[in-house]
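The next block holds one structure in the form of structure tokens; read it before the comments.
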Amino acid sequence: MVVVMTLALELKARGEALGGGLARLQMDSVAVWVLESLPFLIAGAAAAIAAGGVPLGRVARSTVEPEPVPSAPPRVPQVKVEPPAPAAPPSPDPAPSRSEVAEPSPVETDQRVRALQELARVLKANVARATKDSRAKSALLAALSDELRAPLNTILGHTETLAERSSEEGLDIDASVAEVSEAAHRLAAVVNNLLDLAKIDMGTLSIVLEDVDVAQVVEEVQASMGSRRGPGIAVTIADDARFTRGDHMRVRQIVTNVVDEVSRHPSDRPVPLKVARTAASQGAWVSIEVRDPGTVLSDQELERAFDPFHAQSSAGLGMSIARRLAELMGGRLEVSADPETGTTYTLVLPPSVSTPAEAPPVRSQVALNERLSGLELVLLDASTGGPTLGRYLQKAGLEVTVCEELPELRIALEQSVPSVAVVDVADAGWTAAEDLLGRGVPVVVMSLRDEDVERSLQLGVTAFLTRPVDRKLLLATLERCLDGGH
């Protein structure tokens, strides 16, 4: 028991020496588990000693010499000799009685019980402190969402402005701007994964279950990928598997993370994505299957596919988060490998509660822009990227009114009521969202904080997006507003 306790304290010390990060979180978790178990063992041992049922003194062990095997009689040629009688085996020593066992005195027993009780008290205090420290670290990381995302949002805003000016003025900086933009998007993905992991560990991640159009989710994933992921995705969706039950934003996040994981392996072929129903014997759930035909994971790699502490990249960390998100929605995320078909990731989710009588058709990006053409939109965004985002939406065919302050927005509403609104809820954004919803205008909320999704849904907004916002994803979300949020 002392060895186990020493091991636990050593693990805790090494976790503190690491200074932070995922490795320290893992070390703390192991130490907490060991420390939580020891007080119960110690308490049981103390009770047994107090009852006098477990003697701790030395026990005299009886020794019994083995009975010798009699040797065969000697054979004398031509002389008949009677074999001697075998010698009687020595009698064993009598077993020691209980009175001969060394029993601890009442004073010694009392001292040992008190020592074990004190040790149990110290261990419980250490467990409580370690648990509190672990939660504090997760809470701090989750609270840093504004500080981490705000600079990224600014960088992407200025990058998009530079790209726009480079295209208009013929500057030879397109490659550099594209590289900065791609690096910022990757960093944003890493930040989002770390924040989600911290919130999952704390149990504060919001999941809102609703009927989700899988085709719409795939459209949004394709739009957000753009040309950054090679040849794209080859999609096959069964008619009876179009709708599932889950959180729209989290389902999109899972599919994006899985596609990113598969896309880490270079290929000149599109990523196969198949949506179908599972067998009736398995509940006829909705199955989203993403296959990597060019990679076959080994048994060891399959075991570690969803382990955040063995992630080889940000995409590997995203796979761990994807599985836990699937479980929070009542589903599961699995991985399998076959030498002939490659590696397959399968997301299985419950079927939808109700299926719309007429589901909106799956559209291409060209059809999407045609549908949004001429749509009146008001944008409330005081960030540095607001004007650039407004110009992008105008180039997509929308009639955009850009406002930076709430009074400016109210003046615009007096002149004309838009078909849809995009609102950054920083500062007075919540008041603006309430005003727009009161006029019957569908609202898309943008925020640096994931926690704002709950308030958004309570207000009745159509969609929620975390900043930095991908422009093409925003266009796909605006189309969902036209379909009533389905």
- Just one of THR477, THR431 is among the polar types (S, T, N, Q), surrounded by fewer than 21 Cβ atoms within 10 Å (Cβ to Cβ) and under 23 Å from ARG149 (Cα atoms); which is it? THR431
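Select, from THR343, THR355, the only residue that is crowded, with 19+ Cβ neighbours inside 10 Å, at pLDDT below 95 and not assigned by TED's automatic domain parsing to the domain that holds VAL443.
THR343
Out of ASP450, ASP424, report the one residue that is in contact (Cβ under 8 Å) with a residue 24 or more places away in the chain and surrounded by fewer than 23 Cβ atoms within 10 Å (Cβ to Cβ). Don't jump to the end; show me each part of the working.
Numbers: ASP424 fails: surrounded by fewer than 23 Cβ atoms within 10 Å (Cβ to Cβ).
Result: ASP450 is the single residue among ASP450, ASP424 that is in contact (Cβ under 8 Å) with a residue 24 or more places away in the chain and surrounded by fewer than 23 Cβ atoms within 10 Å (Cβ to Cβ).
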- Message: So for segment 314-321 (the condition being modelled with pLDDT of 85 or more, assigned to a helix (DSSP H, G or I) and more than 20 Å from SER267 (Cβ to Cβ)), does at least one residue qualify?
- Response: yes
- Query: Can you tell me which of ASP110, ASP213 is surrounded by 20 or more Cβ atoms within 10 Å (Cβ to Cβ), modelled with pLDDT of 80 or more and of a type in the set (D, E, K, R)?
  - Reply: ASP213
- Query: Of the residues in segment 161-199, how many are among the charged types (D, E, K, R) and in contact with a Leu (Cβ under 6 Å, 6 or more places away or on another chain)?
  - Reply: 1
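Table: residues versus (1) in contact with a strand residue (DSSP E or B) (Cβ under 7 Å, 6 or more places away or on another chain); (2) in a helix (DSSP H, G or I); (3) modelled with pLDDT of 85 or more; (4) exposed (fewer than 11 other Cβ atoms within 10 Å of the Cβ).
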position	(1), (2), (3), (4)
PRO89	no, no, no, no
PRO92	no, no, no, no
PRO104	no, no, no, no
ARG114	no, yes, yes, no
GLU118	no, yes, yes, no
LYS124	no, yes, yes, no
LYS132	no, yes, no, yes
ALA139	no, yes, no, no
ALA142	no, yes, no, no
- Quick one: would you say ARG324 is basic (Lys, Arg), modelled with pLDDT under 85 and surrounded by 14 or more Cβ atoms within 10 Å (Cβ to Cβ)? no
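Every residue, every condition in (1) within 23 Å of the chain's Cα centre (by Cα); (2) surrounded by 14 or more Cβ atoms within 10 Å (Cβ to Cβ), yes or no:
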{"position": "GLY232", "(1), (2)": "no, yes"}
{"position": "ALA241", "(1), (2)": "no, yes"}
{"position": "THR244", "(1), (2)": "yes, yes"}
{"position": "VAL255", "(1), (2)": "yes, yes"}
{"position": "VAL259", "(1), (2)": "yes, yes"}
{"position": "PRO266", "(1), (2)": "no, no"}
{"position": "VAL275", "(1), (2)": "yes, yes"}
{"position": "GLY283", "(1), (2)": "no, no"}
- Taking the condition more than 20 Å from the chain's Cα centre (by Cα) and not assigned by TED's automatic domain parsing to the domain that holds ARG471, does VAL177 pass? yes
- Query: Does segment 456-466 include one or more residues that are touching an Asp or Glu at 6+ places or on another chain (Cβ under 9 Å) and assigned to a strand (DSSP E or B)?
  - Reply: yes
- Message: Looking at VAL461 and the list (1) closer than 22 Å to ASN153 by Cα; (2) buried (at least 19 other Cβ atoms within 10 Å of the Cβ); (3) under 29 Å from the mean Cα position of the chain (by Cα), which single condition is not satisfied?
- Response: (1)
- Inter-residue pairs, beta-carbon under 9 Å, first in the same structural domain as LEU156 (by TED's automatic domain parsing) and more than 15 Å from VAL469 (Cβ to Cβ) and in segment 384-411, second modelled with pLDDT under 90 and surrounded by 15 or more Cβ atoms within 10 Å (Cβ to Cβ), 6+ apart: none
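The values are calculated or read from the model by the stated rules, or taken from the named source; none is laboratory data. Given the structure is predicted, the values throughout are model-derived calculations rather than measurements. Cβ sites come from the backbone with ideal geometry, for glycine too, and all protein chains shown count toward neighbours.
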